[in-house]
Amino acid sequence: MDGFQAYGAGKAGGAFDPLTFLRQPQTVVRVLCWLFSIVILGCVTNEGYVNRPNEVEEFCIFNRNQIACNYAVSMGTLCLLCCTTFLALDVYFPQISGVKDRKKAVMADIGVSAFWSLVWFVGFCFLANQWQVSKEDDNPLNEGADAARATILFCFFSVFTWGGLTLLSLERLKRVSFEEEYNKLFSPPLA
């Protein structure tokens, strides 16, 4: 039993290994979520606003509905910031020695990941509906159509990547809960 270490806490304070960190499934999926939010944000801000040939004012490509573009831009931005924050937490996670603090971090990750999965599902449905009812007269030159379709597609992909993060976080919660129970059962006797 001398070589046994409970998950994480036994390694608290150890050196950070970037290769091990980058190979973790949770890190890979979180980076995918981060990239998807950049794609969504870039597509909408770059080509999400068009105008008719005889107009100067630009409108949202999704049925001229400003709310649709504002939703995509704001959710893409917030998701990007959230991914960055949780990537930083993933880097810091092995350094957290308290089991209760680790459990709180994992539960926050579960809640946030499930929330973003729901947000992207709503965004996918909303943007797909607005794209479906868009009039051809509003965009006769078909500008930005590929960007609109890419936005919808990456919203769809984001539902599953954030759902995957939720499942991975649930697995991490099981490991942290095991660690907590292990520490309760096999705590060293006080002298």
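The values are calculated or read from the model by the stated rules, or taken from the named source; none is laboratory data. Model, not experiment: these values are computed from the prediction. Neighbour counts run over all protein chains shown; Cβ positions are idealised from the backbone, glycine included. Just the protein is used for accessible areas: all its heavy atoms, side chains included, with ligands, DNA and RNA removed. Shrake-Rupley method; radii C 1.70, N 1.55, O 1.52, S 1.80 Å.
For the stretch 7-124, state the average projected area of the convex hull of the C-alpha atoms over all orientations, rounded to one decimal in nm². Walk me through the numbers before you get to the answer.
Numbers: hull surface 35.0 nm².
Quarter of the Cα hull surface area: 8.8 nm².
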- Simple SL model, points at 7 angstrom along Cα→Cβ for L89 and S177; separation in nm is 1.8 nm
- Provide the per residue accessible area, probe 1.4 Å, for the stretch 38-110, rounded to a whole number of square angstrom. 51 Å²
- Note on the structure: A 1.4 Å probe over the protein heavy atoms gives the stretch 80-129 a carbon and sulfur accessible-area percentage of 76 percent
